[in-house]
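**Q** Here you go, one structure.
Nothing in this text is a laboratory measurement; each read-out follows from the coordinates by a stated rule. It should be emphasised that the depicted structure is a prediction, and the values quoted were computed from it without experimental measurement. So basically every Cβ, Gly included, is an ideal-geometry build from the backbone, and we count neighbours across all protein chains shown.
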Amino acid sequence: MKGLIMDYPLTTNTILEYGNSVYHHKKIITHLPDGTRHEYSFGDMYKRCKKLANALTQKLGIKNGDMVGTFAWNHGPHVELYYGISGIGAVCHTINIRLSSHQIEYIINNSEDKVIFVDATLVPLLEKIAPLLETVEHFVLINAAQDFTTTLPNTLHYEDLIADQSDHFEWPAINENDASGLCYTSGTTGLPKGVLYSHRSTFLHATTIMSPNAGNFSNRDTVLLIVPQFHVMAWGFPYLCLLSGSNMVLPSSNLQPEAIIKILIEEKVNKANGVPTIWLGVYHALKMNPPKEKLALEEYLVGGSALTKSLIQGFEKDFGIKGVQAWGMTETSPLGTVSRLQPLHDSLSEDEKITIRAKQGTAFPGVELRIVTDDGKVAPTDGKTMGELQIKGAWTISSYFKTNNHESFTEDGWFKTGDVSTIDQDGYMEIKDRTKDLIKSGGEWISSVALESALMAHPKIKEAAVIAIPDEKWVEKPLASIVLLNSDDTVSDEELIDFLSREFVKYQIPKDYVYINEVPKTSVGKFDKKEIRRLFAEGKLT
Ligand code: AMP
């Protein structure tokens with residue numbers, strides 16, 4: 001028997017309409033790269049979304065199901081694009097500006113973006129590949145001066161595009177299971193893979209993250225969205241802020257610790273998000289230059305890489321600011337778990353409490369987790385048995401976009417995360433390792449396999465194995481162990497860095513090299529990364 005409840009669509013339009021009707025007075029504040037500050041209300045933003053919707057449909061001919069790319073930092077217009085594009089039934093494809101030119105070109109062609117909205121400061125990155133983009137009909141420049149010059153073809157200015165449009169627009173009926181957003185992950189082997197979010201998954205993810213046991217956001221908060229809007233829809237924050245009525249503060253490219261601290265102070269920000277590298281930088285900058293008054297910041301939500309016990313302790317002891325760890329993936333919208341204490345932990349010592357908070361945490365309602373051991377069995381929740389973390393849920397991927405990646409899913413419908421974890425008796429998950437042959441540095445992926453093939457194409461190199469090693473600032477960084485073809489040869493680190501810079505962007509290139517006689521191998525002749533990591537940890541990798 002079916003329930004007798006309205007079939008009410010959970011769409012991004014539902015979020016936008018709600019934000020406008022209840023919280024039209026709430027603020028969106030952007031700090032632009034030139035130091036200027038821009039402030040407007042949810043109500044103003046709502047009207048501009050409608051103007052954008054008219055421009056997209058009338059001027060640019062965008063239709064239901066079309067892909068529209070964004071190549072931009074965090075700012076008001078980028079929030080408008082999230083709502084305006086999905087609102088007309090098109091798909092908002094946020095392109096990661098930090099990927100290599102080759103990856104960006106691949107992503108744009110693979111998704112078939114028709115229009116790309118690009119920040120003026122990022123235009124040079126697209127100019128290099130523009131002739132190779134097969135489907136893009138227009139580039140729309142954001143925050144560009146009128147006399148801005150570019151070699152990009154068919155350019156328009158964002159403000160001109162929406163200026164003479166009506167702020168009335170009737171949203172089309174959208175099925176909540178239709179696609180609203182697209183984001184590519186490079187955290188898998190091979191080429192980046194697209195993750196296509198639905199309106200429903202976006203809505204459910206945002207409402208859940210807002211709740212007190214999860215992100216704990218309300219209409220009394222002012223939230224700094226540090227996670228770039230080109231990373232997994234900024235963890236859903238542009239949506240949850242409209243639902244919770246939290247003021248939104250957007251830093252654009254002002255991501256240096258000093259710039260973040262200035263924004264935190266000026267805007268009296270009390271909640272924020274970001275990867276550990278950002279918070280490590282902010283912590284050290286605050287230690288070097290302690291603020292005159294206590295910051296309004298109460299809590300920062302961290303994910304992307306592990307938030308360490310020492311950072312949680314440091315922030316809390318020195319500045320009274322609480323770090324909250326979350327775990328997730330592009331494939332899981334992203335948030336899957338959060339680590340918060342419960343009354344059952346009240347009697348524990350401070351150290352035991354921090355140990356729990358340094359775990360990746362418990363699943364959100366709407367998400368299920370399990371650990372599967374190497375022999376294919378579901379592990380007990382004893383906090384000890386390690387295995388691959390698998391996930392199911394209302395905002396977990398069911399298939400990659402245009403790719404049949406059966407190996408990423410189990411036969412009984414779970415997504416294989418590639419993380420190696422434990423789950424304890426209270427459901428707290430802890431990441432121990434990763435099966436993915438990748439390095440996560442400062443929140444961005446580096447493919448060790450891609451570096452190895454590039455290095456092994458060097459005329460003097462026989463074998464190259466790349467592993468992740470710990471780094472205080474970037475959490476992880478790549479280390480390349482090199483076997484030379486001819487033991488009499490020499491090659492310098494600088495020569496290899498220069499060689500790799502033809503193919504890789506700066507942050508992806510290893511700065512650390514060791515020259516060895518042979519790469520340790522497994523019984524089937526593969527590079528034994530575990531053994532290389534052990535040798536490194538014991539100081540024997542020389
Ligand atoms: P991405 O899809 O780029 O967001 O990367 C997802 C991956 O980042 C996960 O599968 C983990 O390997 C890693 N990750 C995310 N959050 C955490 C966390 N809190 N602690 C440790 N690793 C994390």
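**Q** Could you check the spin-label model distance between LEU132 and TYR515? Points 7 Å from the Cα along Cα→Cβ, value in nm.
**A** 3.3 nm
**Q** Long-range amide H contacts for LYS322: which residues qualify at under 5 Å (H placed 1.01 Å from N, peptide plane, sequence gap of 5 or more or a different chain)?
**A** Under 5 Å from the amide H of LYS322 lie the amide H atoms of GLU299, TYR300, each far enough along the sequence or on another chain.
**Q** Looking at the P(r) of the stretch 115-177, how many percent of alpha-carbon pairs lie beyond 16 Å?
**A** Taking all Cα-Cα pairs of the stretch 115-177, the fraction more than 16 Å apart is 52 percent.
**Q** Separate question: Expressed as a fraction of 2.2 N^0.38 Å, the rule-of-thumb size for a compact globular protein of N residues, what is the C-alpha radius of gyration of the chain?
**A** Cα-based Rg divided by the globular estimate yields 0.98.
**Q** DSSP loop GluC sites (Glu not before Pro) in the stretch 275-314 with at most 10 other Cβ atoms within 10 Å of their Cβ, which ones?
**A** Hits after loop and neighbour filter: GLU293.
**Q** Using Cα-Cα distances under 8 Å and only pairs 6 or more residues apart, what relative contact order does the chain have, in percent?
**A** Here the relative contact order equals 11 percent.
**Q** Next question, about the same structure. Along Cα→Cβ, 7 Å out, is where each label goes; now give me the distance between the ones at HIS345 and ARG220 in nm to one decimal.
**A** Taking the simple label geometry, HIS345 and ARG220 are separated by 2.2 nm.
**Q** Okay, next question. Which of the GluC sites (Glu not before Pro) found in the stretch 154-194 are loop residues per DSSP with 12 or fewer other Cβ atoms within 10 Å of their Cβ?
**A** Counting only loop positions with at most 12 other Cβ atoms within 10 Å, the GluC sites (Glu not before Pro) in the stretch 154-194 are GLU170.
**Q** Show me the three semi-axes of the equivalent ellipsoid for the stretch 194-304, from the C-alpha gyration tensor (sqrt of 5 times each eigenvalue), largest first, rounded to whole Å.
**A** Semi-axes, largest first: 25, 16, 11 Å.
**Q** Here's a follow-up. Output the relative contact order of the stretch 275-370, whole-number percent, from Cα pairs under 8 angstrom with separation of 6+ residues.
**A** With pairs under 8 Å counted, the relative contact order is 24 percent.
**Q** If you filter the stretch 121-155 for GluC sites (Glu not before Pro), then keep DSSP loop positions with at most 16 other Cβ within 10 Å, what is left?
**A** Answer in residue order: GLU134, GLU137.
**Q** Pairs of Cα atoms under 8 Å, at least six residues apart: use those to get the relative contact order of the stretch 374-464, whole percent.
**A** Relative contact order of the stretch 374-464: 24 percent.
**Q** Scale the Cα Rg of the stretch 462-532 by the rule-of-thumb value 2.2 N^0.38 Å and send over the ratio, two decimals.
**A** 1.17
**Q** Apply 1/(1 + (r/R0)^6) to the Cβ-Cβ distance of ASP318 and ASN64, taking R0 = 56 Å, and write down the FRET efficiency to the nearest 0.05.
**A** Using R0 = 56 Å, I get an efficiency of 0.60.
**Q** Ratio of Rg to Rh for the stretch 225-273, alpha carbon only, Kirkwood?
**A** 0.95
**Q** Here's a follow-up. Which percent, to the nearest 5, of DSSP beta bridges fully inside the stretch 452-542 are antiparallel?
**A** 75 percent
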